[in-house]
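This report refers to the structure that appears directly beneath it.
The values are calculated or read from the model by the stated rules, or taken from the named source; none is laboratory data. Source: prediction; values computed, not measured. Note that we place each Cβ from the backbone using ideal geometry, even for glycine, and neighbour counts take in every protein chain shown.
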Amino acid sequence: MASSVLGVVFAILVMVVPSSATVYTVGDTSGWTMGVDYSTWTSGKTFAVGDSLVFNYGGGHTVDEVSASDYNTCTVGNAITSDSSGATTVALKTAGTHYYICGVVGHCGSGMKLAVTVKAASSSTGSGSGSTSTSTTTTPSSGTTSSTTPSTTSPSGTTTNKPASNMYESASAIISPIGAILFTLVAFFVMVFSL
């Protein structure tokens, strides 16, 4: 009897845990490059707090999070966050619309721009509303995390440095789905062998 109750509890947990974050590869196999219609790419996708965007791109490109105004006008140099590593993961931490462009002059106008509308996390994921953090850019690499201060040039030609606080963070958004899968497998084996 106790093993049956335990089996039901594990079955419920197995149904809840796998509904965690989704990792989206921007542009799918095309990646982050010119000539891709990112509006079409986002259509039909539902982005939620806790999901991640993975930008894969070659040298000569960046991933800049920008304001709606800078997105609409393809204005470069005012990035909220910026990365040029070639493999950028952005954790979507807040609901609302987030805007990304390539910060290389002319690339945004050639289509390297992405607007993602993020819905609030469902109550079953445990992420509550009221979080004041913004989406951040992370760069998974050989286990090292660095922080840089991007240098930008203002319209007057002067160079300003923007602090890179919270630009890079751990790869926990990627590890989370792996943990859910492992937990599901363990729960399955416990349930099967307890019957």
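Go over the candidates Tyr71, Tyr100, Tyr24 one by one and state the one that is modelled with pLDDT of 95 or more, within 26 Å of Ile181 (Cβ to Cβ) and either part of a loop (DSSP other than H, G, I, E, B) or of a type in the set (Ser, Thr, Tyr) (or both). Only one candidate qualifies: Tyr24. Within region 49-64, being touching a strand residue (DSSP E or B) at 6+ places or on another chain (Cβ under 7 Å) and within 17 Å of Met34 (Cα to Cα) holds for Val54, Phe55, Asn56, Thr62, Val63, Asp64. Going by what's in this entry, would Asp51 be described as of a type outside the set (S, T, N, Q) and either more than 13 Å from Lys113 (Cβ to Cβ) or buried (at least 18 other Cβ atoms within 10 Å of the Cβ) (or both)? Yes: the conditions hold for Asp51.
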